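Written below as structure tokens is the structure these notes are about.
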Amino acid sequence: MEELSKKEIQRRLNSIKVNHKGLNARFFDVSIKYYSFENSIPDKRIDYNLRSELKVISGLGELTISKNNFLFNGHEPDLISEIISNTISKSIYPIVTKYNEKVFLQMKY
């Protein structure tokens with residue numbers, strides 16, 4: 001087994017190589033259930049769709065994560081707390097992160 005120099009180890013650790021060919025957008029259905037104490041039936045449930053997409057243009061990558069279609073206990077938000085929660089989530093997402101192979105450049109909400 002060959003021994004690597006400190007410089008080579010740092011170079012390998014500090015470079016990100018993303019094989020972006022063949023990567024398509026990914027879609028996920030997320031369900032979060034809240035239980036109180038030892039109940040087997042959830043007290044509250046939040047469902048939403050999550051989409052992640054990686055694009056590479058001219059050597060720069062862009063990772064986008066978005067959430068939508070919120071349901072609270074199986075229905076559209078109608079209580080004030082549900083409406084506020086949904087509005088806050090819409091102000092945060094989508095998250096877009098741009099990077100190159102050396103360093104992450106920026107992250108915007």
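Where a number appears in this text, it was derived from the coordinates with a stated rule and is not lab data. In this text the structure is predicted, and so the values were computed from the model without any measurement. Cβ sites come from the backbone with ideal geometry, for glycine too, and all protein chains shown count toward neighbours.
For this structure, a couple of remarks:
- Point-to-point label distance, residue 92-residue 45, nm (Cα→Cβ direction, 7 Å offset): 2.3 nm
- Computing FRET efficiency as 1/(1 + (r/R0)^6) for residue 32 and residue 57, where r is the C-beta to C-beta distance and R0 is 25 Å, gives about 0.15.
- Each Lys and Arg Cβ is given +1 and each Asp and Glu Cβ -1; about its Cα centre, the stretch 21-108 then shows a dipole of about 520 debye.
- Relative contact order for the stretch 21-108, counting Cα pairs under 8 Å that sit 6 or more residues apart, in percent: 22 percent
- Candidates per GluC sites (Glu not before Pro) in the stretch 20-78, loop by DSSP, up to 11 other Cβ within 10 Å: 38
- Across the options 60, 32, 80, the greatest Cα extent toward the positive end of the charge dipole of the stretch 21-108 (unit charges at beta carbon of Lys, Arg, Asp, Glu) belongs to 60.
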